[in-house]
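Peer 1: My questions all concern the structure below.
The values are calculated or read from the model by the stated rules, or taken from the named source; none is laboratory data. Source: prediction; values computed, not measured. With ideal geometry, Cβ positions are generated from the backbone for all residues, glycine too; neighbour counts draw on all protein chains shown. Protein only, heavy atoms only, side chains kept; ligands, DNA and RNA dropped before computing areas. Shrake-Rupley method; radii C 1.70, N 1.55, O 1.52, S 1.80 Å.
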Amino acid sequence: MIDPEVIIRARREMTASHPRFERREDDAAEGGCGVIGLASEVPVAGRHLFDSLGQMRNRGNGKGGGVAMVGLDPEQFGVDAATLSGSYIYTVAYLDSSNRDAVEEVCIHPNFHVDHVHEMPALSTWQTDLPALDTQPPDVVCYFVRPREEELDRFIAEKLDDVIDPNDRAAASEEFVFHITHALNVEFYAKDGRTDAFVLSHGRDILILKIVGYAEDVIRYYSLEEMTAHVWIGHHRYPTRGRVTHPGGAHPFGQGIDSALVHNGDFSNYVSVTDYLVQRGMEPLFFTDTEVGALAFDLHRRVYGYKMEYVIESLAPTSELDYVMLPEDKQEVYSAIQRTHIHGSPDGPWFFIIAQSEGPTHRLIGITDTSMLRPQVFAYQRGEVAIAFCGSEKQVIDAVLESLASEDKRFWRRADEYWNARGGSYTDGGAFLFDVKPTEDGGKELVMTNKFGDVVDTHPRGDCKLVPAADHSPVEVTKMGSNLAYFAVLEALPHMGWAEALATLEAIEAHSAMAGREWAWDLLTRLLDRRYDTGGLRRSLWLDLVGAALNRTLASATHEPCDGFVGQRTVGHRPQPASHSQRIVVDARPYSSEGTESLALELVALYREGWKRFVLLHCRGHRFIGNGFGPGTSGVSIDVFGAIGDYLGSGSDGMEIHMHGNAQDQVAQIHKAGELVVHGDVGQCYGYGAKGGRLFVLGNAAGRPMINAVGSPKVVINGTALDYLAESFMAGDPLDGGGFIIINGMRFDERGELEPLETPYPGGNLFSLASGGAIYVRDPYQRLSDSQLNGGAFTDMTEADWAVVEPMLQRNEKHFGISLQRLLTVDGELTSPAEVYRKVIPVKSKILHAEIAWGGHHD
């Protein structure tokens, strides 16, 4: 390994050779971006990202979009496999193509052997076909190059002191490329503000493309629809700093060799990180926090030679309870990293996605900031082939899966697992790496590891190879009511193969014509929502098929309405309800996710026509569902299917909403009254500023649920919250009608059985700055410690407390089938509520209670 100080000294000399460039403050703008990344065992074509990127346009403003690709097809660039693996793809963007000769004469040909030149195709009709583009994207040329030996020797002699281990020549070659790129960017981009040309990426088997526009327009403009890669990342920019109307400021950034980085967020310590880099000879030229993030990642990984765990620690330092929970030897190493690099660690909200080319390995990395201030979701699916994701929202992951499944039967529309990472976690580090590695038989294998290098199992149980349906179902659903049919299917399903399972779903659909849609509705929604044993069948695929059967059953109401359901025929079709109990079925797909033509406003219009019961099918990132209905909406019900966007049920004042699956961020914001039930997990800032109503979550809540809530919201979360639960909670006394939160700390195993989590609450910030309300935690083993109550304190769980908790848990049982008896059973024994649940109140409340008690003592 080359001494890092030698490289840093050479970089200082490099930056000292030109004036320092300063960022203009007027380049800054409001921030908040959209990101998606995937890693697949089989190549994925660019067209499969269209819908995903299009559905999160709200996370950008058209000022910058880009994609990165790793694991390319050499034939699509006109080269062979040896050239692809043995050459740097030196990709240059030309804003002014008249500078191409100068770039090649000054930077390319004197320093590199050029094995091949590939000019990226450009859409000539972009002005009409891509109306969102205000500026023509740059011409892009990919040079397949190798450093000239004589120039590399000169670089080593003059910059690296002429003494390096022969084994370090490859590292010297990488640093040589880094220096040439900096020189090109100075001369043709930063110098005199000319912005004529710049380097997009300079690695092996990696390509970055970006424009002033949206990311999906990158795919269209450069004709990437059929171009394939094993790893993709895409980014919509909402600029925070840097030139906001220049492709050089868009993401991804490829300043690091063999890597591309995108991020959603805004460094609050941008100046500090920049100074840290300048001290080590790296001067930012594009003035974005993403650029300095990419430079820091490359510095720690390639120059300092840190293993990935330490690179992640240098960017997202572990702190508080998570640090204490680490082994002592790891604490010692992490302390040294933090002392050395804390000024270069990004602060503020951020989420990184990184694509890496590591020799024959194609890698995707997701890193979460330790304060979890930006939304993020991870997922994977493993069938005949495996694919993994990380992104801003679940709905963008589902959009890719739906696109793939429509063409390739090896995929289906639901991931095997979705989860939100807890930044800096002592269990997994809040960061995950997805490596697509070559196998001995010439194929690829997806391997997932966490920050610590531990392999994460991505092989769920259950067969996912479909076969034709059997002639008859083993369950005679036609002779049963919906409730009996549900339990009969649950009893038989663990013993079924796919032939029998498919026959059962066909029987349910066929019988709905005789028994009525209400019968099928009750049966299929429970099969979709509840957790149970699917035996030898892959659960995610079974649920995908159940959902499809439900969609077909309800969609048929468009042409064959009944007393219970009528379908909206076209966009804006607003029939009159036949009764208050009739539901209108709305296909969400034709409606915009937000704006004047949005699904949310169509629901408001239907409500004004007299509709009170809604069923929404095929939601794809639709936002603000249930918003805008006005006050007093008791009697309104909305059932939502698909993958939604933000703000579900925000501002609700009485309606009942069921989200049949995972929900996204800002669910139930300023919720006033009514009931909102999520049959899955919820994202960031759940219940922000809520004032009342009853809220239920089957699974987990991501960061900062129920912050700034006031009044009387009553909440049950059956899983856990990652951290910062009930920050600044200001509800009233729960024993006097005020609000409270119940955390059950449970999960379902692979057979649908409830089991307790290792700890009911993993974070170190519970009830921070809270001044009212209470939290009831199912914690029979008392694993929650005082050190986690950052603003809270334990107090006695009384019969009066149980009197307010029990009705919520009974309602919870109705929604999710989680029995009260099971929650009170510990180690097989039915236990008293006071021994199972612990009450947490704000410290201020505890002090007040003590004062009252003292006053009573004196009386």
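Peer 1: Looking only at region 107-128, count how many residues are of a type outside the set (A, V, I, L, M) and open to solvent by less than 40 Å² (accessible area, probe 1.4 Å).
Peer 2: Number of matching residues: 5.
Peer 1: Tell me which residues, restricted to region 464-496, are in contact (Cβ under 8 Å) with a residue 12 or more places away in the chain, of a type outside the set (D, E, K, R) and outside any helix (DSSP H, G or I).
Peer 2: CYS464, LEU466, VAL467, PRO468, ALA469, ALA470, HIS472, SER473, PRO474, VAL475, GLY481, MET496
Peer 1: Taking the conditions exactly as written (buried (at least 16 other Cβ atoms within 10 Å of the Cβ) and farther than 18 Å from GLU518 by Cα), does GLY564 satisfy them or not?
Peer 2: no
Peer 1: With the requirement that a residue be in contact with a Ser or Thr (Cβ under 6 Å, 6 or more places away or on another chain) and either without any contact (Cβ under 8 Å) to a residue 60 or more places away in the chain or farther than 19 Å from PHE112 by Cβ (or both), what does region 64-94 give you?
Peer 2: Correct list: VAL70, ASP73.
Rundown of residues vs (1) buried (at least 16 other Cβ atoms within 10 Å of the Cβ); (2) at pLDDT 95 or above; (3) in a strand (DSSP E or B); (4) not hydrophobic (A, V, I, L, M, F, W, C), yes/no style:
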residue: ALA93; (1), (2), (3), (4): yes, yes, yes, no
residue: ALA102; (1), (2), (3), (4): no, yes, no, no
residue: GLU105; (1), (2), (3), (4): no, yes, no, yes
residue: ALA132; (1), (2), (3), (4): no, no, no, no
residue: GLU151; (1), (2), (3), (4): no, yes, no, yes
residue: ASP162; (1), (2), (3), (4): no, no, no, yes
residue: ALA172; (1), (2), (3), (4): yes, yes, no, no
residue: ILE180; (1), (2), (3), (4): yes, yes, no, no
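Peer 1: With region 751-797 as the region, which strands (runs of 3 or more DSSP E) entirely inside it contain at least 2 residues that are crowded, with 22+ Cβ neighbours inside 10 Å?
Peer 2: Answer list for region 751-797: 774-778.
Peer 1: Quick check: anything in region 257-267 among the β-branched types (Val, Ile, Thr), at pLDDT 95 or above, touching a Lys or Arg at 6+ places or on another chain (Cβ under 7 Å) and not in a helix (DSSP H, G or I)?
Peer 2: Yes, region 257-267 has at least one match.
Peer 1: Looking at VAL604, VAL546, VAL585, can you tell me which residue is assigned to a helix (DSSP H, G or I), open to solvent by less than 30 Å² (accessible area, probe 1.4 Å), on the phi < 0 side of the Ramachandran plot and in contact with a Gly (Cβ under 6 Å, 6 or more places away or on another chain)?
Peer 2: After applying the criteria, what remains is VAL604.
Peer 1: Would you check which residues across region 51-91 are open to solvent by 40 Å² or more (accessible area, probe 1.4 Å), of a type in the set (A, V, I, L, M, F, W, C) and under 23 Å from HIS235 (Cβ atoms) and list them?
Peer 2: Passing the criteria: none in range.
Peer 1: What pairs can you find where one residue is in region 389-411 and under 17 Å from SER593 (Cα atoms) and open to solvent by less than 20 Å² (accessible area, probe 1.4 Å), the other is in a loop (DSSP other than H, G, I, E, B) and not hydrophobic (A, V, I, L, M, F, W, C), and their Cβ atoms are less than 6 Å apart, with a gap of 6+ or different chains?
Peer 2: Pairs found: SER392/PRO375; GLU393/GLN664; GLN395/GLY621.
Peer 1: Among the listed residues ALA197, ALA229, identify the single one that is within 30 Å of HIS18 (Cα to Cα), of a type in the set (Gly, Ala, Ser), buried (at least 24 other Cβ atoms within 10 Å of the Cβ) and at pLDDT 95 or above.
Peer 2: ALA197
Peer 1: Would you check which residues across region 127-158 are under 39 Å from the mean Cα position of the chain (by Cα) and among the aliphatic types (A, V, I, L, M) and list them?
Peer 2: Selection gives LEU130, ALA132, LEU133, VAL140, VAL141, VAL145.
Peer 1: Could you count how many residues in region 164-180 are over 16 Å from GLY305 (Cβ atoms) and hydrophobic (A, V, I, L, M, F, W, C)?
Peer 2: Result for region 164-180: 3.
Peer 1: Considering only region 607-655, state which residues are surrounded by fewer than 23 Cβ atoms within 10 Å (Cβ to Cβ), part of a loop (DSSP other than H, G, I, E, B) and either of a type in the set (D, E, K, R) or touching a Cys at 6+ places or on another chain (Cβ under 7 Å) (or both).
Peer 2: Within region 607-655, GLU609, LYS612 meet the criteria.
Peer 1: Continuing with the same structure: Scanning region 202-225 for residues that are of a type in the set (Gly, Ala, Ser) and more than 25 Å from the chain's Cα centre (by Cα), which turns out most open to solvent (accessible area, probe 1.4 Å)?
Peer 2: SER223
Peer 1: Can you tell me how many residues within region 546-591 are within 35 Å of the chain's Cα centre (by Cα), over 18 Å from ASP639 (Cα atoms) and of a type in the set (S, T, N, Q)?
Peer 2: 1
Peer 1: If you take the residues in region 656-667 that are of a type in the set (A, V, I, L, M) and in a loop (DSSP other than H, G, I, E, B), which one is nearest to the chain's Cα centre (by Cα)?
Peer 2: For region 656-667, the residue satisfying everything is ALA663.
Peer 1: While we're looking at this one, here's another question. Quickly run through region 445-480 and pick out the residues that are open to solvent by 40 Å² or more (accessible area, probe 1.4 Å), over 30 Å from SER425 (Cα atoms) and not hydrophobic (A, V, I, L, M, F, W, C).
Peer 2: Residues satisfying the conditions are ASP463, LYS465, PRO468, ASP471, HIS472, PRO474, GLU476, THR478, LYS479.
Peer 1: For region 182-210, give me each residue that is in a helix (DSSP H, G or I) and among the hydroxyl-bearing types (Ser, Thr, Tyr).
Peer 2: TYR189
Peer 1: Something else: Go through region 668-724 and give me each residue that's in a strand (DSSP E or B), of a type in the set (Gly, Ala, Ser) and closer than 14 Å to GLY773 by Cβ.
Peer 2: Matches in region 668-724: GLY711 only.
Peer 1: I would also like to ask the following. Restricting to region 62-82, count the residues that are in contact with a helix residue (DSSP H, G or I) (Cβ under 7 Å, 6 or more places away or on another chain) and farther than 22 Å from ARG220 by Cα.
Peer 2: Residues flagged as in contact with a helix residue (DSSP H, G or I) (Cβ under 7 Å, 6 or more places away or on another chain) and farther than 22 Å from ARG220 by Cα within region 62-82 amount to 2.
Peer 1: Assess whether HIS235 counts as being touching a strand residue (DSSP E or B) at 6+ places or on another chain (Cβ under 7 Å), outside any loop (DSSP other than H, G, I, E, B), farther than 19 Å from GLY37 by Cβ and open to solvent by less than 10 Å² (accessible area, probe 1.4 Å).
Peer 2: no
Peer 1: Quick test for you: out of SER335, SER345, SER371, pick the one residue that is of a type in the set (Gly, Ala, Ser), over 29 Å from ARG204 (Cβ atoms) and at pLDDT below 95.
Peer 2: Exactly one residue qualifies, and that residue is SER371.
Peer 1: Additional query: Out of the residues in region 679-721 that are in contact (Cβ under 8 Å) with a residue 40 or more places away in the chain and among the polar types (S, T, N, Q), which is most open to solvent (accessible area, probe 1.4 Å)?
Peer 2: Of everything passing the filter in region 679-721, ASN700 is most open to solvent (accessible area, probe 1.4 Å).
Peer 1: Let me ask something else. Enumerate the pairs (first residue in region 340-363 and at positive phi; second residue anywhere and open to solvent by 10 Å² or more (accessible area, probe 1.4 Å) and hydroxyl-bearing (Ser, Thr, Tyr)) with beta-carbon separation below 9 Å, excluding pairs fewer than 6 apart on the same chain, so at least 6 apart or on different chains.
Peer 2: GLY348/SER268; GLY348/TYR270; GLY348/SER371; GLY359/SER85
Peer 1: Among (1) in a helix (DSSP H, G or I); (2) open to solvent by 10 Å² or more (accessible area, probe 1.4 Å), there is one condition GLY572 misses while meeting the rest; what is its number?
Peer 2: Evaluating GLY572 over (1) in a helix (DSSP H, G or I); (2) open to solvent by 10 Å² or more (accessible area, probe 1.4 Å) leaves (1) as the failure.
Peer 1: Strands (runs of 3 or more DSSP E) wholly in region 385-463 with at least 2 residues that are at pLDDT 95 or above and among the β-branched types (Val, Ile, Thr) - which ones?
Peer 2: Hits in region 385-463: 444-450.
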